[in-house]
Amino acid sequence: MKKHQQAMEVFLQPGEHYFGDRDTRIRTILGSCVAVTIWHPKLLVGGMCHYMLPARSRPGSALDGKYADEALQLLLDEANRIGTFAKDYQIKLFGGGHMFPHAKKQQAAHVGSRNVDAARMLLRKHGLPIHAEHLGGDGHRNVIFDLWSGDVWMRHQQPSCRNCDDCEARPICRQAA
């Protein structure tokens with residue numbers, strides 16, 4: 001995971017996307033959000049989006065990277081803008097974790113799983129195969145994408161369930177009861 005000397009580092013917040021060249025490293029941290037990476041192995045260009053929700057409830061006037069379909073469209077538009085085709089890119093997916101697995105009220109379709117379903121459905125719709133994925137489960141992920149190699153480095157951190165008075169999840173944690 002050695003960073004090459006001239007590499008620019010970009011950190012994506014939720015709802016953001018970035019498309020760059022071989023001198024770029026893109027990073028993000030995901031909980032229930034999903035990141036889609038696209039990489040062109042011949043041109044060494046690509047990008048990543050970090051979306052928060054599967055779909056928008058009301059149509060908007062401009063594309064918004066907070067939503068799965070719009071975030072993916074923003075990436076595909078960037079690929080098209082430089083004269084490439086989506087089918088020539090390698091696609092990888094990360095995220096969709098369940099952030100409160102110890103909650104008393106378990107949701108069968110928590111937002112993370114809905115985000116994962118949205119990504120898979122959208123890629124099928126566009127006819128784009130998934131080259132790698134690390135999706136679902138509990139906890140968050142740190143993701144680093146090196147455009148000079150196409151490598152994606154990911155660390156998955158399981159949530160800690162601690163019984164403390166200061167824990168923000170205390171009201172919904174089983175152990176707090």
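Would you confirm whether or not region 84-97 contains a residue that is more than 24 Å from residue 135 (Cα to Cα), over 14 Å from the mean Cα position of the chain (by Cα) and not charged (D, E, K, R)? Yes: region 84-97 contains one or more residues that are more than 24 Å from residue 135 (Cα to Cα), over 14 Å from the mean Cα position of the chain (by Cα) and not charged (D, E, K, R). For region 94-112, the condition of being modelled with pLDDT of 95 or more, buried (at least 19 other Cβ atoms within 10 Å of the Cβ) and assigned to a strand (DSSP E or B) holds for at least one residue.
Can you name every residue in region 58-93 that is over 17 Å from residue 123 (Cβ atoms), aliphatic (A, V, I, L, M) and modelled with pLDDT of 95 or more? Hit for region 58-93 is 82, nothing else.
Residue count for region 81-93 under the criterion of being assigned to a loop (DSSP other than H, G, I, E, B) and either among the charged types (D, E, K, R) or surrounded by fewer than 17 Cβ atoms within 10 Å (Cβ to Cβ) (or both): the result is 3. Consider residue 133 carefully, then state whether it is among the charged types (D, E, K, R), closer than 19 Å to residue 31 by Cα and surrounded by 15 or more Cβ atoms within 10 Å (Cβ to Cβ). In short, yes.
The values are calculated or read from the model by the stated rules, or taken from the named source; none is laboratory data. From a predicted model like this one, the values you see are computed outputs, not experimental measurements. We place every Cβ from the backbone using ideal geometry, glycine too, and count neighbours over all the protein chains shown.
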